[in-house]
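Beneath this line is the structure, given in structure tokens, with notes to follow.
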Amino acid sequence: MALLIRPLAASDREAWNTLWTGYLAFYETSLPQDIYDIYFARLLGDDPQDFSGLVAELDGKLVGLTHYLFHRHGWTVENTCYLQDLYVDPDTRGTGAGRALIEAVYSEADKAGISGVYWLTQDFNATARKLYDRVGEKTPFIKYKRV
């Protein structure tokens, strides 16, 4: 099986929709179609404040996605990178696609002169956390949000 990590393309819309829906379902949420439309357009846009997208393609089929954002950080002169979304189709897990997507984000950050990459996950996401423990360092931060 040939795994390819590449930038998201306009022609990926249908497959991206399927993966994005799977990602949202995993986190027990759903979004209206207009959010799909806006997010996909932003992922393909050239505004440096918007997210960028990469996909994992296995034998010609999209099997994974990741979305990341470069942004300023108050403690450094350099920007940092937030890896917001990472999803691999359950039938393809264990093939290295998730790791390859993370490493591709690391590579994009390196090309931009950014050393910091961070992400969040749910505490119950045990399978993904096994991978994250191998490719990253768990921090002691706890997320809060406005009520």
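Side notes on the structure shown:
- Taking each residue as 0.36 nm, the span from residue 33 to residue 61 lengthens on full extension beyond its C-alpha to C-alpha distance by 7.8 nm.
- Calculated accessible area for the chain comes out at 66 Å² per residue, all protein chains present (probe 1.4 Å; ligands, DNA, RNA ignored).
- Taking the protein heavy atoms of the chain in the context of the full set of protein chains, the accessible area attributed to carbon and sulfur is 52 percent at 1.4 Å.
- The GluC sites (Glu not before Pro) of the range 11-59 that DSSP puts in a loop, and whose beta carbon has at most 10 other beta carbons within 10 Å, are 28.
- Eigenvalues of the alpha-carbon gyration tensor of the chain, scaled by 5 and square-rooted, set the equivalent ellipsoid semi-axes at 22, 19, 18 angstrom, largest first.
- Relative contact order, percent, the chain [alpha-carbon distance under 8 Å, six or more residues apart]: 20 percent
- Where Cα atoms sit under 27 Å apart: lysine pairs in the chain separated by 8 or more or lying on different chains: 7
- Label-point gap, in nm, between residue 69 and residue 126 - each point 7 angstrom along Cα→Cβ: 3.2 nm
The values are calculated or read from the model by the stated rules, or taken from the named source; none is laboratory data. Model, not experiment: these values are computed from the prediction. Ideal geometry is used to build each Cβ from the backbone, glycine not excepted, and the neighbour counts take in all protein chains shown. Each accessible area value is taken on the protein alone, full model and side chains, heavy atoms only, with ligands, DNA and RNA left out. Shrake-Rupley method; radii C 1.70, N 1.55, O 1.52, S 1.80 Å.
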